[in-house]
Amino acid sequence: MAKEAIGANAIFSGPQKGLTVIGKHCYGYSGIVGVTNVETDLLDFSTGKDYISSNLQVLNGTDSNEDFLYKVYFNDVLVAQWHFLYASTIHQTLPNAYKIIIPPNTTVRVTGANTISGTSRNHSATITGKVYE
């Protein structure tokens, strides 16, 4: 469930897989997560009774010359995925952010997997958004 902090004095308590809601805004910062060839959770949280208009960003923190597959699940149903093809292209950059509407009462998972190697590579994911009734 999303953590709720009321008021402007809510401080950042560190990276986590969860979502923090402050009034009508929300955010989640995974921190650095090692991604191998096994599908790895970057974010994993549940929303409340309201829907969220959000921007999701996944960041590859290494120059590894490897390909990665990223997925977004709503209630364990795959709703989006993209393949970051670094090894098979000259160079590709990840998009700045994906705009995603998250329905009420939804469990959200964002995952990554290295499709070239089992070596752990640093990644992070961020989500920011506005909460609507």
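The values are calculated or read from the model by the stated rules, or taken from the named source; none is laboratory data. All figures in this text were calculated on a predicted structure; none of them were measured in a lab. Every residue, glycine among them, receives a Cβ derived from its backbone with ideal geometry; neighbour counts consider all protein chains shown.
Across the range 61-93, which residue is nearest to residue 126 (Cα to Cα) among those that are modelled with pLDDT of 95 or more, of a type in the set (A, V, I, L, M, F, W, C) and exposed (fewer than 13 other Cβ atoms within 10 Å of the Cβ)? Checked the range 61-93; the qualifying residue nearest to residue 126 (Cα to Cα) is 78.
Tallying residues that are in contact with a Phe, Trp or Tyr (Cβ under 7 Å, 6 or more places away or on another chain) and crowded, with 17+ Cβ neighbours inside 10 Å within the range 36-60 yields 5. Looking across the range 9-48, just one residue is in a loop (DSSP other than H, G, I, E, B), among the hydrophobic types (A, V, I, L, M, F, W, C) and under 15 Å from residue 106 (Cα atoms), and that is 19.
Within the range 1-29, residues that are over 14 Å from residue 127 (Cβ atoms) and modelled with pLDDT under 70 sit with their Cβ atoms under 6 Å from residues that are in a strand (DSSP E or B) and of a type outside the set (Lys, Arg), at 6+ positions apart or across chains, in these pairs: 1/46; 4/21; 5/22; 10/22. One residue stands out in the range 49-68 among those that are assigned to a strand (DSSP E or B) and not polar (S, T, N, Q): the one that is nearest to residue 99 (Cα to Cα), namely 56. Restricting attention to the range 94-130 and to residues that are of a type in the set (A, V, I, L, M, F, W, C) and in a loop (DSSP other than H, G, I, E, B), the residue that is modelled with the highest pLDDT turns out to be 116.
Contact map, the range 48-70: residues that are among the basic types (Lys, Arg) paired with residues that are surrounded by fewer than 14 Cβ atoms within 10 Å (Cβ to Cβ) and outside any strand (DSSP E or B), Cβ distance under 6 Å, separation 6+ or inter-chain. Pairs shown: 49/104.
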